[in-house]
1. What does the charge add up to near Lys147, with Lys and Arg as +1, Asp and Glu as -1, over the other residues with Cβ less than 11 Å from its Cβ?
2. Pairs Lys2/Lys113; Lys2/Lys276; Lys88/Lys113: which exceed 18 Å Cα-Cα?
3. Please report the equivalent ellipsoid semi-axes of the stretch 2-67, computed as sqrt(5 x eigenvalue) of the Cα gyration tensor, largest first, in whole Å.
4. Just how large is the dipole of the chain about the Cα centre, in debye to the nearest 20, putting +1 at every Lys and Arg Cβ and -1 at every Asp and Glu Cβ?
5. Taking the Cα of Ala57, stepping 7 Å toward and past its beta carbon, and measuring to each backbone N in the stretch 1-24: which are under 17 Å?
6. Which one, Leu13, Gln31, Trp45, is farthest towards the positive end of the dipole of the stretch 2-67 when Lys and Arg carry +1 and Asp and Glu -1 on their Cβ?
7. Relative contact order, percent, of the chain when contacts are C-alpha pairs under 8 Å separated by at least 6 residues?
8. In what order, largest first, do Asp123, Asp7, Asp190 sit by accessible area if the probe radius is 1.4 Å?
Amino acid sequence: MKLALFDDNRVALVEGDSLYDVSAAVPGWGQPWPPVFMQRLIGEWPAARLALLAARAAATPIPRSAVRLRSPMPYTSNIIAAPANYRKHVGELGNRGVTAAGNSARNIGFFLKATSSLVGPDDGIMLPRGSARRFDHETELAVIIGKRGHHIPRAAALDHVFGYSCLIDLTMRLEPGAPAEERPTRKSFDSFTPLGPWIVTADEIPDPQVLSNRLWVNGTLKQSTNTAEMTVGVAELIELISSVMTLQPGDVIASGTPEGVGPVAPGDSITIELEKVGAMTLQVREADAVAPRPW
Ligand code: MN
């Protein structure tokens, strides 16, 4: 099942190029801020699934081209991210990155991104206006947690996954010779975590370690690998993260990026595609105004 959010955060099941609006069947949908209906939907699965299927049967198709796709998680309690995490990426950034060769989440752990950085495919990416800094794309498989858990052993970890999505971990690179800004600062600008185009439920992806993971800038392939090349796989990541913090339904894990990260600029279009999940293209633009503290 593919779950998308569109326009004013309406909920749809996606089949081919059509969306079926099932918002009315989603518990808590339409409540004011914060929009936690996806957490409730995920937390109340599988009963909620049956309600969605009933709503789907009564819905009429809406073409994909007629809607604005939003982040399939409009709000989440945590975005937990693995540094690097594909063998060949580690070390490629030299002094513009902080993950030294030989290190991975297994020995240095994870970091958090601001949850407010989530956007959907049709929202696009906004870079700080007038910045001379380098902003890079990172293509990542996103894991959406389905079941609350703490100290989850890796053998049981995939039972805690609700589904998967495509995630771009936009990152302001370190400036050589300048003080190293904290990772959450460099990765938390609004729109720096595009998620989508939808969530594919885990029953459609029994093994998350066999998926091609690719990203193009303006049609040129920049990153191309397979999740088989991950250093720390999804199950081990869940074990590691839940050994620190309780994972909640709707938490988003960014599982790390392969080699080939590179800069993006206003006017670029970025396409990310995860096998069996889907593909989305985002336009890059400059923010409307220079921040009072420019970057
Ligand atoms: Mn990343």
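1. -1
2. Lys2/Lys113; Lys88/Lys113
3. Whole-Å semi-axes of the equivalent ellipsoid: 19, 15, 9.
4. 360 debye
5. Correct set: 13, 20-24.
6. Trp45
7. Relative contact order of the chain: 25 percent.
8. Sorted descending by solvent-accessible area, the residues read Asp190, Asp7, Asp123.
The values are calculated or read from the model by the stated rules, or taken from the named source; none is laboratory data. Here the structure is a predicted model, which is why all the values come from computation and not from measurement. With ideal geometry, Cβ positions are generated from the backbone for all residues, glycine too; neighbour counts draw on all protein chains shown. Heads up: the accessible areas ignore ligands, DNA and RNA and are worked out on the full protein's heavy atoms, side chains in. Shrake-Rupley method; radii C 1.70, N 1.55, O 1.52, S 1.80 Å.
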